[in-house]
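Here the structure is laid out as C-alpha cells; the discussion comes afterwards.
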Amino acid sequence: MSLFVMVAGLAHTGVIETAGGWTIQIFGDNHLAAATALLFGSSALGAFFDNIPYVATMTPIVEGMVAEVPDAQTGQALWWAFALGADFGGNGTAVAASADVVAIGIAARTGHAISFWQFTRYGLVVTVLSTAMAWGYVWLRYFT
C-alpha cells in the first residue's frame, strides 16, 4: 500500500510530470533512442532496486512518453523496452527481485549458500547479455 501512496505523492507534487517532460525534451522524435534508454536504463536501475517499486514509479513517465508518439507501434516499442529492461534487470543482483531473495534462501537452507557478490558476478553477465538481445529484438521488431 505504501508503494502506491509514494507514487501518488510523486504524481501529486509534480515530480513524475516534471521527469516525464524532461524525457520528452531529451529524446524528442528519436524514438529508437528513447526505447534504448528505457531498455538499458530500466535494466541498470532494475538490477539495484527492487523492480516492482521501480516499475510502479516509472509507469506514469512511460505513459507520458507513449502519449507523445505518433503511432501505436512506436508506443508498443517503448512499453516493451521498459518491460524487458525492468525484467532482465531483476537478474542482476540478489536484491533486484523477490524471486532472487527466495532462491538464495532456499539454497542456503539446503546447504548451498550463495553470497551477494557470487550471485552478482553471474547475474550481471546474464543481465547484460539478455538486455543486449532484447535491444536487438526491439530494434528489429519495431524500428526496421
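For residues that are open to solvent by 60 Å² or more (accessible area, probe 1.4 Å), part of a helix (DSSP H, G or I) and of a type in the set (A, V, I, L, M, F, W, C), tally how many sit in the stretch 109-134.
8
If the Cβ limit is 6 Å and pairs must be 6+ apart or interchain, which residue in the stretch 128-144 that is modelled with pLDDT of 95 or more pairs with which residue that is open to solvent by 100 Å² or more (accessible area, probe 1.4 Å)?
Qualifying pairs under 6 Å: Val138/Trp80.
Go through the residues of the stretch 93-102 one by one and say whether even a single one is acidic (Asp, Glu), in a helix (DSSP H, G or I) and either within 11 Å of the chain's Cα centre (by Cα) or over 24 Å from Met1 (Cβ atoms) (or both). Full working, then the answer.
Taking the stretch 93-102 first, the residues acidic (Asp, Glu) are 100.
Within this subset, residues satisfying the condition of being in a helix (DSSP H, G or I) are 100.
Right, trim to either within 11 Å of the chain's Cα centre (by Cα) or over 24 Å from Met1 (Cβ atoms) (or both) and you get none.
No: zero hits.
Which residue is surrounded by the fewest Cβ atoms within 10 Å (Cβ to Cβ), if the candidates are limited to the stretch 62-85 and must be over 21 Å from Gln25 (Cβ atoms) and at pLDDT below 95?
For the stretch 62-85, the residue satisfying everything is Ala72.
The values are calculated or read from the model by the stated rules, or taken from the named source; none is laboratory data. Since we're looking at a predicted model, the values are computed, not measured. So basically every Cβ, Gly included, is an ideal-geometry build from the backbone, and we count neighbours across all protein chains shown. Each accessible area value is taken on the protein alone, full model and side chains, heavy atoms only, with ligands, DNA and RNA left out. Shrake-Rupley method; radii C 1.70, N 1.55, O 1.52, S 1.80 Å.
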